[in-house]
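**Q** There's a structure below that I have some questions on.
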Number of protein chains: 12
Amino acid sequence: MSNHIYKKLELVGSSAESIEAAVQNALARAGKTVRNMRWFEVTETRGHIENGKVDHWQVTVKVGFTLED
Amino acid sequence: MSNHIYKKLELVGSSAESIEAAVQNALARAGKTVRNMRWFEVTETRGHIENGKVDHWQVTVKVGFTLED
Amino acid sequence: MSNHIYKKLELVGSSAESIEAAVQNALARAGKTVRNMRWFEVTETRGHIENGKVDHWQVTVKVGFTLED
Amino acid sequence: MSNHIYKKLELVGSSAESIEAAVQNALARAGKTVRNMRWFEVTETRGHIENGKVDHWQVTVKVGFTLED
Amino acid sequence: MSNHIYKKLELVGSSAESIEAAVQNALARAGKTVRNMRWFEVTETRGHIENGKVDHWQVTVKVGFTLED
Amino acid sequence: MSNHIYKKLELVGSSAESIEAAVQNALARAGKTVRNMRWFEVTETRGHIENGKVDHWQVTVKVGFTLED
Amino acid sequence: MSNHIYKKLELVGSSAESIEAAVQNALARAGKTVRNMRWFEVTETRGHIENGKVDHWQVTVKVGFTLED
Amino acid sequence: MSNHIYKKLELVGSSAESIEAAVQNALARAGKTVRNMRWFEVTETRGHIENGKVDHWQVTVKVGFTLED
Amino acid sequence: MSNHIYKKLELVGSSAESIEAAVQNALARAGKTVRNMRWFEVTETRGHIENGKVDHWQVTVKVGFTLED
Amino acid sequence: MSNHIYKKLELVGSSAESIEAAVQNALARAGKTVRNMRWFEVTETRGHIENGKVDHWQVTVKVGFTLED
Amino acid sequence: MSNHIYKKLELVGSSAESIEAAVQNALARAGKTVRNMRWFEVTETRGHIENGKVDHWQVTVKVGFTLED
Amino acid sequence: MSNHIYKKLELVGSSAESIEAAVQNALARAGKTVRNMRWFEVTETRGHIENGKVDHWQVTVKVGFTLED
C-alpha cells in the first residue's frame with residue numbers, strides 16, 4: 001500500500017431520500033468511468049427546499065481512487 | 001433568477017430519529033413564518049447523549065429564502 | 001450545571017448502515033469505560049468504498065463527558 | 001460608538017454585471033426594511049453559468065446595523 | 001428538550017470594560033425583543049484603539065433562542 | 001434536478017482587467033472541453049505585481065457541471 | 001526541551017464569573033490527575049443564558065502536558 | 001528563483017469604486033517604501049455603508065516582496 | 001475615511017492578570033514605535049501553566065494602523 | 001503569464017522515506033499523463049503506522065498545470 | 001474493518017533533526033502505553049529558534065488506534 | 001517570561017532540498033536584521049515544478065521574536 005498514488009475527484013450527489021443515498025448516487029455515477037475507488041470524504045451537506053420541505057439532499061464528496069501503474 | 005435577493009436564517013433542529021429528521025423539523029418550524037425557502041446548508045451536526053446512547057440529534061442549518069419585492 | 005468540568009474524547013465509529021449508526025457504535029464502545037457522556041459533535045464524515053459502493057461509513061465524533069469531583 | 005450594539009444579517013445578492021453590483025443589490029433590498037446599516041463583510045462569491053459564461057454573480061454578505069435604544 | 005427548535009442571531013456587543021461586559025451588553029439589548037435566549041457562542045473578539053489604548057471591546061456573539069410552538 | 005450528479009473542477013483564471021474577467025477567462029477555456037457547466041465558487045483571489053501595480057489577477061474557481069447519464 | 005513529548009487534553013471549564021475563571025477551573029480539575037501541565041490554548045468560548053443574562057461561561061481549552069520517560 | 005526569500009505584509013486598502021481599486025490603492029501606498037513587490041493574496045473583502053449604499057470597499061491583502069541579499 | 005490605507009501588525013502580548021491586560025500590554029509596547037493605531041483583532045488566546053495554574057496569558061492580536069501620506 | 005489558465009489536480013502520494021519523497025512520487029506518477037505542471041500546494045500530511053512506527057507517509061497535494069490553447 | 005472503533009490521541013513530538021523525526025519520536029513515546037496505533041495526521045508544524053537557527057521542530061499529530069473489544 | 005511582548009513576521013523561504021531547509025533559509029535571512037527570534041509556525045507548504053519534478057520548496061513561516069524594552 002505504501003507506494004500507491006491516489007487521485008481525488010470532487011462530486012456532488014443528490015437524493016430525495018437521505019444523505020447516505022446522495023453519496024451512493026454520486027459513487028454509482030462515478031463508477032461508470034473510474035475504477036479502483038477506495039474512500040470518500042463528505043465536505044458539504046446542502047439541499048433544496050420545495051413547499052417548506054427538503055426536496056432533495058445535495059452532498060459534496062471527495063473520492064480517492066488508485067492510479068494504476 | 002439573476003435579480004433575486006436572498007436572506008439566510010440560522011436554525012438548530014432536533015430529532016430523536018436521524019440527522020435528516022432534525023433538518024426537516026427545523027424547516028417545518030421555520031415554514032410557519034417564512035415563505036419562499038429555497039435551500040439549506042448543514043453547518044454543524046451535534047447531539048445529546050443519555051445512558052450512553054444518542055438521545056437526540058441537533059443539526060444547525062442555514063436556510064436561504066427569497067426576499068420578495 | 002455551572003460548575004461542571006467536561007473532558008472531550010475524539011473517536012471514530014464505523015458502520016455499514018448509516019452515519020447515525022456509526023456514531024451510535026462509537027458511543028456504545030466508549031460507554032464501556034466512560035461514564036457520564038453528555039454530548040457529541042460530528043467533526044468528519046468519511047468512508048471506504050468496495051466495488052463502487054460504500055462499504056462502511058467512518059464518522060469522527062468528539063464526545064463530552066462530566067469529570068466527577 | 002463604544003456603547004452601540006449591532007445585529008448582523010446574512011444576505012445573498014445577485015447581479016449579471018459584477019461582484020460589486022451584487023453587493024449593492026443586496027444592500028438596496030435590505031435597506032427597504034433595515035435602517036442604520038453600517039458595514040458589510042463578503043463571505044462567499046459564487047455564480048451561475050449559462051452557455052459557458054457567467055450568467056449572474058451571487059455574493060453572500062453579512063451586514064451589520066445599529067440596534068437603536 | 002429533544003423537540004425544541006432554536007434560531008440563532010448574530011450580534012456585536014461593545015464595552016469599554018471587558019470582553020465579558022461586551023457580551024452582557026449584547027444580550028441585554030437583544031433581550032428587549034427576544035425571549036427564551038438559551039446559549040451564546042463568541043465568534044470574534046475585536047476592538048477600537050484611541051491614544052494607544054483599548055477604547056472599547058467589540059465582541060461578536062451568536063445567540064440561540066427557543067422558537068415557541 | 002434531484003437526480004443530477006455533478007463533478008467539480010478546480011481552475012485558475014487570470015486577467016489584467018478584473019476579478020470578473022479572470023473568472024470569465026477560466027470558464028471560456030474550460031468550456032472548450034466541458035459541457036453543461038452550471039455554477040462556480042471563487043475560492044482564492046490573488047495576483048502578480050509588476051512595478052508596484054497589479055499586473056494580472058489570478059482567481060481560483062471551482063466549477064460544477066452535470067455528469068450526463 | 002528539544003526531546004520532550006507532550007500530550008494534549010481537551011477540556012471544557014465553566015464559571016459564573018469570567019472567561020479566565022472558566023479556564024482556571026478546568027485546569028484545577030485536570031491537575032488532580034495530570035502532572036506537568038505546560039500550556040493551554042482556548043479553542044471555543046460559549047456560555048448559557050438565564051433570564052437574559054450570562055449564567056455561566058463555558059470555555060474549551062486544549063492543555064499540553066509533558067509525558068515523562 | 002529558488003533561493004529567494006520573501007516577506008509578507010498585511011495591508012488594508014480602500015476605494016469608493018471597486019474591489020480592484022482598493023487593492024491597487026493599497027499597493028500604491030506600500031510601493032512608496034517597499035521595493036520588489038511580487039504578488040498579493042486577498043484575504044478579506046469588507047466595506048462601509050452610508051445611506052444604504054456602499055460608501056467604500058475595504059480589502060485586506062497580503063503582499064509578498066523579495067528580501068534582497 | 002474612504003481613502004485611508006492601513007497596515008496590520010501581528011503581536012503577542014502577555015499578562016499574569018487577564019486576557020484584556022495581555023492585549024493592553026501588547027498595544028502599550030507597540031505604541032512606542034507605531035502611531036495612529038485604530039483597531040485590533042484577537043486571533044489566538046493561549047497561556048502558560050505553572051503548578052497547575054495559569055501563570056500568564058498570551059494573546060495574539062492583529063493591530064491596524066493608518067499609513068500616513 | 002497573464003493570460004494562462006491553469007487546472008488543479010488533487011493527488012495523494014506516499015513514501016516510506018519522507019514527506020518530500022511522497023510529494024515527488026505523486027508528481028512522478030501524474031507526469032505520465034499531465035504536461036506543463038507548474039506548482040503544487042501541500043494540503044494534508046498523514047501516514048500509516050505499523051508496529052509503532054511510521055510505515056509510510058501520505059501527502060495530499062494540489063498540482064497546478066497550464067491548459068494549453 | 002467496518003466494525004472497528006478508533007480513538008484519537010493528540011501528541012506533540014519534537015526533534016532537532018527533522019519534521020519526520022519529530023513524528024517518529026511522538027509515536028515511539030506513545031507506543032509505550034498504546035497498542036494498535038493505525039494512522040496519524042499532522043495538524044501543526046512549529047519549532048523553537050536558538051541563535052537564529054531552528055533548535056528543534058515541534059509537530060502536533062493526531063494518532064488513531066483501534067479500541068479492542 | 002510573563003511580561004514579554006512578541007512580534008510576528010511572515011516569511012516565505014525556499015530551498016531545492018527540503019521543507020526543513022526552506023525554513024532554515026528564511027530564518028537565516030531574517031536573522032540579518034531581526035534579533036531575539038524565539039519560535040516559528042509553518043502555515044503553508046508549496047513549491048514549483050520543473051520537468052515534472054519539484055524544483056524548489058516554498059514554505060511560509062510566521063516567526064515570533066521578542067520586542068525589547
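We did not get these values from a lab; they are worked out from the coordinates using the rules stated. This one's a predicted model, so the numbers in the text were calculated from it and none came from an experiment. All Cβ positions, even for glycine, are placed from backbone atoms using ideal geometry, and neighbour counts span all protein chains on display.
**Q** Gap in Å between the Cα centre of the stretch K:2-30 and the Cα centre of the stretch I:1-60?
**A** About 32 Å separates the Cα centre of the stretch I:1-60 from the one of the stretch K:2-30.
**Q** How big is the charge dipole of the stretch G:11-69 about its Cα centre, in debye rounded to the nearest 20, if each Lys and Arg gets +1 on its Cβ and each Asp and Glu gets -1 on its Cβ? Could you put the intermediate results ahead of the total?
**A** Details: 7 positive and 8 negative charges, 22 e Å.
Charge dipole of the stretch G:11-69: 100 debye, to the nearest 20.
**Q** In Å³ and rounded to a whole number, note down the convex hull volume per residue for the Cα atoms of chain J.
**A** Numbers: hull volume 5.0 nm³, N = 69.
It is 73 Å³ per residue.
**Q** State the number of lysine pairs found in chain A whose Cα atoms come within less than 25 Å, restricting to pairs 8 or more positions apart or on distinct chains. Don't jump to the answer; show the numbers that get you there.
**A** Values: A:K7/A:K32; A:K7/A:K62; A:K8/A:K32; A:K8/A:K62; A:K32/A:K62.
Lysine pairs satisfying the spacing and distance rule in chain A number 5.
**Q** Roughly what angle does helix E:19-30 make with the longest principal axis of chain E, taking Cα atoms, 0 to 90 degrees, to the nearest 10?
**A** Taking the Cα atoms of chain E, the angle to E:19-30 is about 50 degrees.
**Q** Tell me which of E:S15, E:H56, E:A26 sits at the most positive position along the dipole axis of chain E, charges placed on C-beta atoms (Lys, Arg +1; Asp, Glu -1).
**A** E:A26
**Q** Express the Stokes-Einstein translational diffusion coefficient of the protein assembly as shown in µm² s⁻¹, to the nearest whole number, given a Kirkwood radius over alpha-carbon pairs, 20 °C and a viscosity of 1.002 mPa s. Mind dumping the intermediate values first?
**A** Details: Rh = 28.0 Å.
D = 76 µm²/s.
**Q** Now a separate question. Across peptide F:14-23, how many C-beta atoms of other chains are within 10 Å of each residue C-beta, on average? Kindly include the intermediate steps, with their values, before the conclusion.
**A** Values: counts 6, 2, 2, 2, 6, 10, 11, 1, 3, 7.
Counting Cβ atoms of other protein chains within 10 Å of each residue's Cβ and averaging gives 5.
**Q** On to the next question. Partner chain Cβ atoms within 10 Å, averaged over the residues of J:58-65 - can you pull that number for me?
**A** Details: counts 7, 2, 4, 3, 4, 1, 7, 1.
Average neighbour count from other chains, rounded to a whole number: 4.
**Q** Which order do peptides B:25-33, L:20-28 fall in by mean Cβ count within 10 Å, highest first? Mind dumping the intermediate values first?
**A** Working: B:25-33: 17.8, L:20-28: 21.9.
For the peptides B:25-33, L:20-28, the packing ranking is L:20-28, B:25-33.
**Q** Efficiency by 1/(1 + (r/R0)^6): what FRET value for G:V34 and J:V34, r their Cβ-Cβ distance, R0 = 56 Å, to the nearest 0.05? Provide the component values of the computation, followed by the final result.
**A** Working: r = 50 Å, r/R0 = 0.90.
Between G:V34 and J:V34 the formula returns 0.65.
**Q** Give the chain J residue with the shortest beta-carbon distance to the rotation axis relating chain J to chain E, plus that distance as a whole number of Å.
**A** Result for the J and E rotation: J:T43, 12.
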